[in-house]
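Structure, as structure tokens:
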Amino acid sequence: MEIKIYEGYNLEELIQKAKEELGEDIKIVHYETITERKWFIFGSKKRYKLFVEMPDLEEPVVQFDDIFEKIEEIIDKKIQQTLPKVTSPAPVIQNIETGQQIIPEQFNEFSGEALELINQLLNRDVLPDVAKKLVKEGCGLDIDTNKWDLNTLTTREALIKGIRKYIKFTGAFDKEKEGLKILTFIGPTGVGKTTNLFKIASHFVINQKMKVAVISTDTFKVGATQQARIYANILNIPFYSASESKKLKSTVSELENYDFILIDTVGRSHYDYWRLGEIKEILGDLSENMHIVLTVSCNFKNEDAFEVVNRYSSFFDIDSLLFTKIDETSKPGLLLNLPVETKIPVSYISTGQRVPEDIKILKPENIASYILGD
């Protein structure tokens, strides 16, 4: 035990000084009173010695929760910096007296059918900057107005021209063409990863006569593994479950003779960094031959969809986007907004719940059809 001694003529002041130096919870071991006598002057004066126990210097306790919270804040800030600026589509205002449309100033460079197409896109929740970029690709400069107008026979042809310019397409997943071996499906909960994985598996097995195996890493969702096994039994293909990296790697190595291995992952919120990290850890070092498909629902709001893509992109190298639930939205602007702004290629689109029928390979023509309401 280490003792510190304070000396002075006022005991209360000594105690206060000890508290300031050692903290409020000081432990006074002892104090002495010393009487100082003055020989040449009658009287005496008291002096005090205060003995205080020095506190133990404990090692600071590491608060991991606080550290994780700070790390999440840092990640959030980094992601927000990379997010494209998402603004709501500018509404096209109609003059009540004349019935004519009043176009916002940002579209003043367009006229005629080009403006009509822009209006259609905005009404389908396409972002203004995306609409301008795509429509301008299908335009020529009108000599009379000195503004951009369509130089194609139809608005559909103009939109397809812009889509071909700014969106990349993977086409069908074809082993010989793409050299793919493993398809891994990731995405938030409830977007339909498992169902659409088996739609694609059905296409491989039934239409292309390929050898296909499915591995699920989803051991958390109740009934998820059972549902996947039922689909696999119907298709008569092998199904495996692997919840950790070592088992997944060994399972994949046993399936080297198969044409395709499809991996189903657990659905995780894009805000749950630690769970996303778990998925990445389970997938381990399979990335060499792996094509990662991010599944996104068409009924997401623009802001939410961009956050999903950017947060998942911070953990995975996304190779393509698979859109689901096109049948559950009347404003499918995401089909244009996400691939144009993120430059990630698109692969498939799910058009309903039926397995295996309700899935299509995305092409410029069917994207245009969904956007224009054809």
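The values are calculated or read from the model by the stated rules, or taken from the named source; none is laboratory data. The structure presented is a predicted model; accordingly, all values stated were derived computationally and were not measured. For neighbour counting, all protein chains shown are included, and Cβ atoms are generated from backbone atoms with ideal geometry for every residue, glycine included. What goes into the accessible areas is simple: the full protein's heavy atoms, side chains included, and nothing from ligands, DNA or RNA. Shrake-Rupley method; radii C 1.70, N 1.55, O 1.52, S 1.80 Å.
Taking the average, over residues, of other Cβ atoms within 10 Å as the packing measure, peptides 203-212, 323-332 rank 323-332, 203-212 from highest down. Taken about its Cα centre, region 283-374 carries a charge dipole of about 200 debye when Lys and Arg each add +1 at the Cβ and Asp and Glu each add -1 at the Cβ.
Given contacts defined as C-alpha pairs under 8 Å and at least six residues apart, what's the relative contact order of region 119-206, whole-number percent?
Relative contact order comes out at 17 percent.
Counting charges near residue 165 (Lys, Arg +1; Asp, Glu -1) among other residues having Cβ under 10 Å from its Cβ returns a value of +3. To the nearest 10, the accessible area of residue 350 is 10 Å² with a 1.4 Å probe.
In the context of the full protein assembly, residue 21 retains an accessible surface of approximately 90 Å², using a probe radius of 1.4 Å and ignoring ligands and nucleic acids. Couplings for region 325-331, taken from phi via the Karplus curve 6.51 cos²θ - 1.76 cosθ + 1.60 with θ = phi - 60°, read 6, 5, 7, 10, 9, 9, 10 Hz in order; Gly and Pro are left as x.
The residues packed around residue 364, meaning those with a beta-carbon under 9 Å from its beta-carbon, carry a net charge of +2 if Lys and Arg are +1 and Asp and Glu are -1. What part of the accessible area of region 121-184, given as a whole %, is carbon or sulfur when the probe is 1.4 angstrom? Here it works out to 45 percent. Residues whose amide H comes within less than 5 Å of that of residue 142, counting only those at least five positions distant or on another chain, are 147, 148, 149 (H built at 1.01 Å from N in the peptide plane). Beyond 19 Å in Cα-Cα separation lie the following of the pairs 165/363; 193/343; 193/360; 161/325; 133/301: 193/343; 161/325; 133/301.
With only alpha-carbon pairs counted, each pair once and no self-pairs, how large is the Kirkwood hydrodynamic radius of region 255-374 in angstroms? One decimal place: 15.5 Å for the Kirkwood radius.
Computed over protein heavy atoms with a 1.4 Å probe, the carbon and sulfur contribution to the accessible area of region 224-374 reaches 45%. Note on exposure: 258, 166 ranked by accessible area (1.4 Å probe, complete protein assembly) read 166, 258, with the most exposed listed first.
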